[in-house]
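Peer 1: My questions will all concern the structure given below.
The values are calculated or read from the model by the stated rules, or taken from the named source; none is laboratory data. Here the structure is a predicted model, which is why all the values come from computation and not from measurement. FYI the Cβ positions are ideal-geometry reconstructions off the backbone, even for glycines, and counts take in every protein chain you see. Accessible surface is based on the protein model in full, side chains and every heavy atom, while ligands, DNA and RNA are left aside. Shrake-Rupley method; radii C 1.70, N 1.55, O 1.52, S 1.80 Å.
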Amino acid sequence: MERVIIHVDMDYFYAAIEEREDPSLKDKAVVVCMYSNRGEEGGAVSTSNYIAREAGIRSAMPCKQAKSLKPDAVFLPVRKELYENVSARVMDILRSHADSEENFENISIDEAFLEISQNCGRDFEKARYIGMRVKHDVLEHEKLTCSVGIGPNKLIAKMASSFRKPDGMTIVKPDEVRDFLNDMPVNRLWGIGKVTGEKLKKMSIETIGQLAACDTQELIAEFGKKRGTWLKKAASGIDESPVTERTATDQIGRMASLKEDTRNDDMIFALLDELADDVIKKAESRKVSFRTVIMTVIFSNFRMATKSRTFSHAVSGKDILHETAREIMLQFLHESNMDFRRIGIRVSNLQQDVGQKSLLEYF
Ligand code: DCP
Ligand code: MG
Ligand code: MG
């Protein structure tokens, strides 16, 4: 069955956030630096805005070198926590456009895949509209631009999002995949690094089209079975990997949208109980108890709020989670008069339950 997948990558993410926070930076070259413990001299460039990139400044370049390329650029230290908070809010906006919770995959601080096959009825014109909505929502709520790629799989969507940057959107329909890839340099294929790129060059394979035309056996002989087969497939634009949320291993959580934006207690608590039940089931199957309950709500204006409660000891079971979740939810309801859009519940500070047998062994 054909799929439709969106990849979103934020534009010059850290530097864009700094520009947003301080509008006086707008027309200046901005370089965000990760300073090492040797101070300003030893740092490397995390990212820079597009004005700075015009001067040749690139990520991972020594800050010293960046300074010599553009002495009048504004150099700022990385503020990771701020960027992580912005990222979490952006991800919530993006997630709300995916077919469902499970059809969303956050792959880095500024990137995510969304499967939208159902939402667009597998129609790439409707997908274009969803892509525009995504860009619009991110800009409206976070004052940041992003670039969007839409394709029949993750590989193509990912390569499409970097095709036009910043603030771009590139759609590659299934029958356009071949042309899209054909003349691209082989090292632009997502997943090909320096080493593979150089090996291919030695084999006189310069473009993705040439790689796709290679004999699979020849590639297997050079790169091994797994890698060789992957190269052939990827160069042909084939990628079957699913879009799936990677949940943190130290947390168990569920989040879902309400049927409509609402403050209705019955609707909110019904969903909350359902989510809590799922969380408990997962915790029980992993045989863990938890000490912390965290609740996240997203309001109708996409603002996000989080509250948590930590117990002095590990707890488990449905009753305590339901009770805690309801208490926290009541606080949210008291503190705001906004409608709720999504609610999430997760447990952390997990502890492996000690079974009977191991208890005996322990003593
Ligand atoms: N980053 C970093 N060090 C790197 C690369 C990236 O610290 N070597 C950080 C800073 C970036 C963020 O990760 O803002 C996202 O990385 P991207 O590769 O998506 O780069 P940008 O978002 O900055 O720019 P672009 O507009 O090219 O996506
Ligand atoms: Mg980016
Ligand atoms: Mg990125």
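Peer 1: With charges set only on the Cβ (+1 for Lys and Arg, -1 for Asp and Glu), what does the dipole of region 99-212 come to about its Cα centre, in debye to the nearest 20?
Peer 2: In debye, rounded to 20, region 99-212 gives about 560.
Peer 1: Straight-line reach from Lys26: which lysines fall under 30 Å, measuring Cα to Cα and dropping same-chain residues less than 8 apart?
Peer 2: Qualifying lysines at Cα under 30 Å: Lys64, Lys67, Lys70, Lys80, Lys135, Lys143, Lys158, Lys165.
Peer 1: Continuing with the same structure: On a C-alpha basis, how far is the centre of region 123-159 from the centre of region 62-90 in Å? Whole number, if you could?
Peer 2: 25
Peer 1: Taking θ as phi - 60°, what are the ³J(HN,Hα) couplings along region 178-191 by the Karplus curve (6.51, -1.76, 1.60), each to the nearest whole Hz, with x for Gly and Pro?
Peer 2: Once θ is set to phi - 60°, the couplings for region 178-191 become 4, 5, 4, 8, 2, 9, 5, x, 4, 6, 7, 5, 5, x Hz.
Peer 1: Can I ask one more? Starting at the first residue of region 17-29, write each ³J(HN,Hα) from the Karplus equation 6.51 cos²θ - 1.76 cosθ + 1.60 with θ = phi - 60°, in whole Hz, x for Gly and Pro.
Peer 2: Running phi through 6.51 cos²θ - 1.76 cosθ + 1.60 with θ = phi - 60° gives 5, 4, 4, 5, 5, 9, x, 5, 7, 2, 9, 9, 6 Hz.
Peer 1: Now for a different question. Highest mean first, what order results for 257-266, 98-107, 151-160 on Cβ atoms within 10 Å? Write out the running numbers ahead of the final one.
Peer 2: Numbers: 257-266: 13.5, 98-107: 17.9, 151-160: 24.8.
The most tightly packed comes first, giving 151-160, 98-107, 257-266.
Peer 1: Taking 0.36 nm per intervening residue step and subtracting the Cα-Cα distance, what contour gain separates Asp175 from Lys64 on full extension?
Peer 2: On the way: separation 111, 0.36 × 111 = 39.96 nm, distance 4.66 nm.
Result: 35.3 nm gained on full extension.
Peer 1: Using only DSSP helix segments of four residues or longer, with each worth -39500 (n - 2.57), what per-residue ellipticity at 222 nm results for the chain after dividing by its residue count and rounding to 500? Could the numbers behind the result be given before it?
Peer 2: Details: 14 runs with 149 residues, N = 363.
Calculated mean residue ellipticity at 222 nm is -12500 deg cm²/dmol.
Peer 1: Could I ask something else about it? Tabulate in residue order the Karplus-calculated ³J(HN,Hα) for region 194-204, using 6.51 cos²θ - 1.76 cosθ + 1.60 with θ = phi - 60°, rounded to whole Hz; enter x for Gly and Pro.
Peer 2: Going residue by residue, I get 4, 4, 4, x, 5, 4, 5, 4, 4, 8, 6 Hz, with x marking Gly and Pro.
Peer 1: So how tilted is helix 80-95 from the main axis of the chain? Cα-based, degrees 0 to 90, rounded to 10.
Peer 2: The angle comes out near 90 degrees.
Peer 1: I need the calculated FRET efficiency for the pair Glu218 and Arg122, taking r as the beta carbon distance and R₀ as 45 Å, to the nearest 0.05.
Peer 2: So, using R0 = 45 Å, E works out to roughly 0.80.
Peer 1: Of the candidates Ser162, Ser87, Ser316, which one comes out as most mobile in a Gaussian network treatment of the chain with C-alpha springs shorter than 10 Å?
Peer 2: Highest fluctuation among the options: Ser316.
Peer 1: Quick check on region 177-218: take the gyration tensor over C-alpha atoms, sort the square-rooted eigenvalues as a ≥ b ≥ c, and tell me if it's rounded (a/c under 1.5), prolate or oblate.
Peer 2: It comes out oblate by the Cα gyration axes.
Peer 1: Moving on to the next point. Along the Cα→Cβ direction, 7 angstrom out, place labels at Thr306 and Lys202. What is the inter-label distance in nm?
Peer 2: Simple spin-label model gives 4.7 nm for this pair.
Peer 1: Which net charge results when you count Lys and Arg as +1 and Asp and Glu as -1 among the other residues whose beta-carbon is under 13 Å from that of Phe223?
Peer 2: Residues near Phe223 contribute +3 overall.
Peer 1: Whose amide H sits under 5 Å from the amide H of Thr207, counting only residues 5 or more places off or on another chain, with H placed in the peptide plane?
Peer 2: Val186
Peer 1: Tell me which residues come under 5 Å, amide H to amide H, from Val30 once H is placed; ignore anything under 5 positions away on its chain.
Peer 2: Amide H neighbours of Val30, under 5 Å, 5+ apart: Asn49, Ile51, Ala52, Val74.
Peer 1: Provide the net charge surrounding Asp123, with neighbours chosen by a C-beta distance below 11 Å and charges set as Lys +1, Arg +1, Asp -1, Glu -1.
Peer 2: That sum, taken over residues with Cβ under 11 Å, equals +2.
Peer 1: In addition: Assuming 0.36 nm per residue, please report the length gained on full extension of the stretch Asn337 to Glu284 beyond their Cα-Cα distance.
Peer 2: Details: separation 53, 0.36 × 53 = 19.08 nm, distance 3.54 nm.
Contour length minus the Cα-Cα distance gives 15.5 nm.
Peer 1: How tilted is helix 265-285 with respect to the longest principal axis of the chain? Cα atoms for both, answer in degrees (0 to 90, nearest 10).
Peer 2: Helix 265-285 sits roughly 80 degrees off the main axis of the chain.
Peer 1: Whenever you get a sec, compute what percent of the accessible area on region 1-132 sits on carbon and sulfur atoms (1.4 Å probe).
Peer 2: Working: 3040 of 6250 Å².
Roughly 49 percent of what the probe reaches on region 1-132 is carbon or sulfur.
Peer 1: While we're here: Could you tell me which GluC sites (Glu not before Pro) in region 196-243 are loop residues by DSSP with no more than 10 other beta carbons within 10 angstrom of their beta carbon?
Peer 2: Glu240
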